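See structure below.
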Amino acid sequence: MQKQKRNKPWKEYPIGTKALSSSGGYWEKTKSGWKCDTGSTFPIPGADAFFVLLPQRQHTEYKCKQPCQKSGCMFCDGGLFACRVCGLTEGCLTTHCPGYQCFKEMNQDIYEGRIDFRDGSWINKCSPHSPVYYKTEEYKQLHGGKNGPTKACFCLFCWFCHLWFWYCVFL
């Protein structure tokens, strides 16, 4: 989440938004109002709340209507991931879901590592889901200077991914 200045009425912020108090506390928006960090709920946050933290929207998996009658369905049989909110798939996924249907032109830019959606805004960085992410400095920093999965990285995340890959190959 990224801190930003309040720019609209309190009622327009989504559930999960945190309004930051200048005294160090916060209020979190719930279905019933703004819950103070002490536990009480109010219609709006206190007057000393000038900044907000917007919740990070996660991608929501598309699932076929049950039962799927298509033979070779790319979602049921193939395991393809698609977000039912933004419509992005696999290597075109952004870090966080934008919350609206994305244009086809954006798919190519995301896939080629030119743009990503993080913390509520579009940025000129590579998405971790993009195939070119393994060549970025961000990836190298996370994986001890290694350049991509072809070089042996023994961090726990890569080790688990390689193990899962071979498990799926032999089943």
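Readers should treat all values here as calculations from the given coordinates under stated rules, not as data from a laboratory. What you see is a predicted model; the values in this text were computed from it and never measured. Cβ atoms come from the backbone with ideal geometry, glycine included; neighbour counts cover every protein chain shown.
What the table below lists for this structure:
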item: Check on Trp10, touching a Pro at 6+ places or on another chain (Cβ under 6 Å), touching a residue at least 12 places away in the same chain (Cβ under 8 Å) and not aliphatic (A, V, I, L, M); result: no
item: Selection count, segment 17-66, where residues are touching a residue at least 40 places away in the same chain (Cβ under 8 Å) and hydrophobic (A, V, I, L, M, F, W, C); result: 6
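Here is a yes/no grid of residues against (1) over 21 Å from Val132 (Cα atoms); (2) among the charged types (D, E, K, R); (3) exposed (fewer than 15 other Cβ atoms within 10 Å of the Cβ):
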{"site": "Pro43", "(1), (2), (3)": "yes, no, yes"}
{"site": "Phe51", "(1), (2), (3)": "yes, no, yes"}
{"site": "Leu54", "(1), (2), (3)": "yes, no, no"}
{"site": "Lys65", "(1), (2), (3)": "yes, yes, yes"}
{"site": "Asp77", "(1), (2), (3)": "yes, yes, yes"}
{"site": "Cys86", "(1), (2), (3)": "yes, no, no"}
{"site": "Thr89", "(1), (2), (3)": "no, no, no"}
{"site": "Gln108", "(1), (2), (3)": "no, no, yes"}
